[in-house]
Structures are given as structure tokens and as C-alpha cells.
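> Please see the structure below; I have some questions.
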Amino acid sequence: MIRLLVLFIGQLFFLPHLLVFFGSDSKDLIVADLYARTTKKENSILQCYDLTLILLTNKYFRNLFYFRTRGLFTNILRIFYPKDDTFTIDFTSKIGGGLQLAHPYSTILNADNIGSNVYVNHLVTVGEKKGLRPSIGNNVQLHAGCIVIGGITLGDNCIVGAGAVVVKDVPAGAVVAGNPAKIIKSTI
């Protein structure tokens, strides 16, 4: 009971984030991110409760929220409610809704675009090589320690295994692993 009371009081401090949320053009994307791993609640009051709770308890989600709601008021909120410094999203990346963040400690997302419902684990690097950045499809899984660099494309529904180094295009539905990454299975 005391834990619930403390969480509720903590959530009150995140009420200014709701103002940013309701004023944002990215509300649908934020809701998709919020419920990427659970069942979506249709009631807007429950969504507000869930949003303030995850903003209180998950700094990684806070990074994503601040990425989606860039602006002056968001920058002021970041001073009082800091994001996690070990998780970086390049401000020019385009990211679809439903990004699933599985403790993305020491993760960098610097892609041209990332599709919807993408799973990102810890120690993942998505970056540029010679000024070219990857394009990542929908429903892609990026597992622990993988590296995806250069002007390549990861097709929809592909899986990049832990520790893989991907420097060439990956077709839709492929599972890749190794250094350099090789297709080890196709789900299509």
C-alpha cells in the first residue's frame, strides 16, 4: 500500500508531461510505444495513468518520449526529469510507433528510418558509415550487442542475433548472426 502511494505521488510530478503529450502531434506514436509490450487501454484516463507511471519508473522510455515531443517545453522538462545518458536516439531519425525498449543500456539509434514494432535490446549500435545510415523495416528484432551500420536495409520481420555485425542488406524474414552477419534461417 505504501509503495502504491509513493508511486502515485511520484506520478503527480509528471503531470507537466501530460500537457506536452496532449499538445504533441505524435500522440498516436507515443501510445503505440507505451503499449508496445502490453495490451492497449482505450480509456484516455488509464493511458495518462500508464504514461506518467512509465515516465516515472523508466528513464529509457523518457528518452523516447522526449524524442517524440521535441520542443522548448520538453527541453525544460528534461532539466528536472532527466533522460538516460546511455541511450541515444539521433534527432533526425524517423521512428515508427511501438518501439519496444528492452533495457537499451548503451544503445545508439542513428538510422534514416526505423519501422513500427521494432524490438531493441541493450548494447545495440545502429549507425552511419561514410555518411550513410541504415533503414530498418517493421517488426525487426535487434538483439544484444548487434551492430548495424552503413546505407543498408533490414527487411520487415527480420531478426538480428546477439553480437551480429550487419554491413549488408538483409531480406525480409531472415535471421542473421555472426561477424560478419550471415543468413542462418529464413522465416518466409
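The values are calculated or read from the model by the stated rules, or taken from the named source; none is laboratory data. Predicted model only: the values in this text are computed from it and were never measured. Here the Cβ is made from the backbone with ideal geometry for all residues, glycine too, and neighbour counts use every protein chain on show. The accessibility values were calculated without ligands, DNA or RNA, using every heavy atom of the protein model including side chains. Shrake-Rupley method; radii C 1.70, N 1.55, O 1.52, S 1.80 Å.
> Could you identify the single residue in Asn117, Asn110, Asn121 that is touching a residue at least 60 places away in the same chain (Cβ under 8 Å) and within 12 Å of the chain's Cα centre (by Cα)?
That would be Asn117, the only listed residue that is touching a residue at least 60 places away in the same chain (Cβ under 8 Å) and within 12 Å of the chain's Cα centre (by Cα).
> Would you tally the residues in the stretch 77-92 being closer than 14 Å to Phe13 by Cα and open to solvent by 20 Å² or more (accessible area, probe 1.4 Å)?
Here the count works out to 5.
> Just one of (1) more than 16 Å from Asn58 (Cβ to Cβ); (2) at pLDDT 95 or above trips up Ile89, so point out which.
Only one criterion in (1) more than 16 Å from Asn58 (Cβ to Cβ); (2) at pLDDT 95 or above is unmet by Ile89, namely (1).
> Kindly check whether there is at least one residue in the stretch 57-66 that is of a type in the set (D, E, K, R), in a loop (DSSP other than H, G, I, E, B) and open to solvent by 60 Å² or more (accessible area, probe 1.4 Å).
No: zero hits.
> Let me ask you something else. Look at the stretch 160-180 and say how many of its residues are open to solvent by 30 Å² or more (accessible area, probe 1.4 Å), at negative phi, part of a loop (DSSP other than H, G, I, E, B) and of a type in the set (Gly, Ala, Ser).
Residues that pass the stated criteria total 2.
> Right, another one. Being charged (D, E, K, R) and either closer than 28 Å to Gly150 by Cα or in contact with a Ser or Thr (Cβ under 6 Å, 6 or more places away or on another chain) (or both): is that true of Arg62 here?
So Arg62 fits the description; yes.
> Could you tell me how many of the residues in the stretch 16-39 are among the hydroxyl-bearing types (Ser, Thr, Tyr), surrounded by 11 or more Cβ atoms within 10 Å (Cβ to Cβ) and farther than 19 Å from Arg78 by Cα? Steps first, please.
Looking only at the stretch 16-39, we keep the residues that are among the hydroxyl-bearing types (Ser, Thr, Tyr), and these are 24, 26, 35, 38-39.
So of that shortlist, the ones also surrounded by 11 or more Cβ atoms within 10 Å (Cβ to Cβ) come out as 24, 26, 35.
Imposing the further condition that a residue be farther than 19 Å from Arg78 by Cα reduces the set to 35.
Within the stretch 16-39, residues that are among the hydroxyl-bearing types (Ser, Thr, Tyr), surrounded by 11 or more Cβ atoms within 10 Å (Cβ to Cβ) and farther than 19 Å from Arg78 by Cα number 1.
> How many residues, within the stretch 36-54, are free of Cβ contacts under 8 Å to residues at least 60 places away in the same chain and part of a loop (DSSP other than H, G, I, E, B)? Let's see the steps before the verdict.
Within the stretch 36-54, the subset free of Cβ contacts under 8 Å to residues at least 60 places away in the same chain is 38-54.
Filter again for part of a loop (DSSP other than H, G, I, E, B), leaving 38-43.
Adding up the residues that qualify gives 6.
> Oh, and also: Please verify whether Gly173 is under 26 Å from Thr38 (Cα atoms), in contact (Cβ under 8 Å) with a residue 12 or more places away in the chain and under 16 Å from the mean Cα position of the chain (by Cα), treating the condition exactly as stated.
In short, no.
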